[in-house]
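Reviewing the structure listed below.
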Amino acid sequence: MENGLFQVNKLLKKKFSAKKLVFGQGFDGAKVVFVTDPPTPKEESENKPITGHSEKILNKLLKVAGLNKQKVYITNVVKYTVSGRVHTSKEVKSSVPFLKEEIKTISPQVVVTLGTIALTGIGLRQPLSNVRGRTFNFGSYELLPTHHPESVLKNPGLQPELEADFLKLKTLLKTIKERPTEV
């Protein structure tokens, strides 16, 4: 693991020493970072930011976007599970500085939020339904909010929206690549 991410994870361990943490995984030079909602108990037990059916759906969506899973980075907005309830806004807020540092260290071109808590954590305080599929410039990267893959299991009607968002990601990456770099 790259030194910068190692430092972020070390600080996370210090801050949340009583928690079992699930760290981000993937390529530390990724052009795309996926920020997903806090880990489920299954994700915590497997020590992965996304698992099971959600991971399978995400893998298919990565193919839609023309992305190699080995070349992306996936992390959670909050790195630990709370049992039987949703994370409080205070818990999310206490994790945000670490998430921002993690993103800064990786320096992606695009950050894709998967789900509402991830969207709030990244700093866009809008209902997902208002911003899904639109891009927002966050300074060093473009933000693309979309549904969490899990949502398709609960509502299959969201599948076309998710696929459209990943096609948009593919176009966005192509557009960014074609932009002249600033000197």
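The numbers here are math on the coordinates, done by the rules we state, and not lab data. Everything numeric in this text was worked out from a predicted model, so none of it was measured. A quick note on method: Cβ atoms are made from the backbone with ideal geometry, for glycine too, and the neighbour counts reach across all protein chains shown.
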In terms of Cα to Cα distance under 16 Å, which aspartates and glutamates are near enough to LYS104, apart from those fewer than 8 places away along the same chain?
GLU2, ASP28, GLU142
Rounded to the nearest Å, what's the spacing between the alpha carbon centres of the range 50-127 and the range 12-48? Just the number, please.
9
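Report the calculated FRET efficiency for PHE6 and LYS60 (r = Cβ-Cβ distance, R0 = 30 Å), to the nearest 0.05. Please list the in-between numbers first.
Working: r = 31 Å, r/R0 = 1.05.
Calculated transfer efficiency: 0.45.
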Quick one: if you stick a label point 7 Å off each Cα along the C-beta vector at GLN70 and SER129, how many nm between them?
4.2
Taking amide H positions as placed in the peptide plane 1.01 Å from N, state which residues far from PHE34 in sequence (5 or more) or on other chains have amide H under 5 Å from it.
TYR73, ILE74, THR75, VAL112
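What do the square roots of 5 times the Cα gyration tensor eigenvalues come to for the chain, in whole Å, largest first, as semi-axes of the equivalent ellipsoid?
Numbers: eigenvalues 112, 81, 47 Å².
Working through the eigenvalues yields semi-axes of 24, 20, 15 Å.
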Quick check on the exposure proxy: order ARG125, ARG134 from fewest to most C-beta atoms within 10 angstrom.
ARG125, ARG134
Under the span-like rule (Cα at least 24 Å along the axis, Kyte-Doolittle mean at least 1.6), DSSP H helices of the chain
none
Once you charge only the Cβ atoms, +1 for Lys and Arg and -1 for Asp and Glu, what is the size of the charge dipole of the range 1-101 about its Cα centre, to the nearest 20 debye?
100
Burial ordering of THR146, THR88, THR81, fewest other beta-carbon atoms within 10 Å first:
THR88, THR81, THR146
Within a 10 angstrom radius of the beta carbon, how do SER83, SER45 rank from fewest other beta carbons to most?
SER83, SER45
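At 222 nm, what helix-only mean residue ellipticity would the chain give, in deg cm²/dmol to the nearest 500, using -39500 (n - 2.57) for each DSSP H run of four or more?
Numbers: 8 runs with 86 residues, N = 183.
Helices in the chain give a 222 nm mean residue ellipticity of -14000 deg cm²/dmol.
Students often check this: by mean Cβ neighbours within 10 Å, which of 153-160, 104-111 ranks highest, and how do the rest follow?
Numbers: 153-160: 12.1, 104-111: 18.8.
The densest-packed peptide leads the list: 104-111, 153-160.
Applying 1/(1 + (r/R0)^6) with R0 = 30 Å to the Cβ-Cβ distance of GLU178 and LYS100, what FRET efficiency is obtained, to the nearest 0.05? Walk me through the numbers on the way to the answer.
Working: r = 28 Å, r/R0 = 0.93.
My answer for the efficiency is 0.60.
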Cβ-based charge dipole, the chain, positive-most Cα from LEU5, VAL112, VAL82
VAL82
